[in-house]
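Notes to accompany the following structure.
Coordinate-derived values only; no laboratory data. These numbers were taken from a predicted model, which means no experiment stands behind them. Quick reminder, even Gly has a Cβ in these numbers, built from the backbone with ideal geometry, and neighbours come from all protein chains shown.
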Amino acid sequence: MSALFLIAQIAGRWIAVPADQVDSAVDIGTIVAVPRASAAVRGLAALRSRVVTVIDTRVALGLAPTPLAGRAIIAKFDGHFYAFLVDAFDDVFPFDPMPLSSGLALEGRWGASAIGIVERDDEPMLVLDLAALVPGALAVAA
């Protein structure tokens, strides 16, 4: 069954995010660091008169930090807004998601947040569950 997905790029890899998790896709301005926050929390940013927690998606996936903050996917979980840093985004497209293959080995924390695969132009893309990238969710998944 077809569903809508936002296509984004993280660390050179194109991924798909279920559109029902996406509030918006934006350019992020100034980020204020938060002392003692999880390494995946880059800080806080003001967005349309509200404060959002900025998640360094690369760090949450077990990769090197995002070099420059610029673009983010905004999502709301448990009443809180989060900005998930991405390298780029494309557009929203309909896809027929497929389950992950049981023998698929994913490095870092990709496996803990990947919930399926979609294909665009015969190229597979992981479907990521953004909620799994929130630091508290990572502690539960580990």
Exercise for the section: Show the residues, 5+ positions off or on another chain, whose built amide H is closer than 5 Å to the amide H of residue 47. Expected result: 52
Exercise for the section: Beta carbons within 10 angstrom, averaged per residue: use that to sort the peptides 54-62, 120-128, 107-115, highest first. Expected result: 54-62, 107-115, 120-128
Fill in the blank from the handout: Taking placed amide H atoms and a strict 5 Å upper bound, the residues 5 or more places from residue 70 or on another chain that come that close are 28, 86
Handout entry: For the chain, calculated [θ]222 nm from helices alone, where every DSSP H run of n ≥ 4 adds -39500 (n - 2.57)
Key = -2000 deg cm²/dmol
Practice task
Please say if the chain is rounded, prolate or oblate, where rounded means a/c under 1.5 for a ≥ b ≥ c the square roots of the C-alpha gyration tensor eigenvalues, and otherwise the choice is prolate for a/b larger than b/c and oblate otherwise?
Solution key: prolate
Problem - Rounded if a/c under 1.5, otherwise prolate or oblate - region 85-126, Cα gyration tensor axes - result: oblate
Completion exercise
The answer for the net charge of residues other than residue 69 whose Cβ lies under 13 angstrom from its Cβ, with Lys and Arg +1 and Asp and Glu -1, is 0
Fill in the blank from the handout: Amide H proximity to residue 5 below 5 Å, modelled H, separation 5+ or other chain, gives 19, 93, 95
Exercise for the section: Enumerate the calculated ³J(HN,Hα) couplings along region 23-29 in order (Karplus 6.51 cos²θ - 1.76 cosθ + 1.60, θ = phi - 60°), each rounded to whole Hz, writing x wherever the residue is Gly or Pro. Expected result: 7, 6, 10, 9, 8, 9, x
Handout entry: Calculated from backbone phi, Karplus (6.51, -1.76, 1.60) coupling profile of region 124-136 in Hz, x at Gly/Pro
Key = x, 10, 5, 9, 9, 8, 4, 4, 6, 8, 6, x, x
Practice task
Would you kindly derive the ³J(HN,Hα) couplings of region 6-21 from the backbone phi angles with the Karplus curve 6.51 cos²θ - 1.76 cosθ + 1.60 (θ = phi - 60°), listing them in order in whole Hz, with x for Gly and Pro?
Solution key: 8, 9, 9, 10, 10, 6, x, 10, 7, 10, 10, 10, x, 4, 6, 8
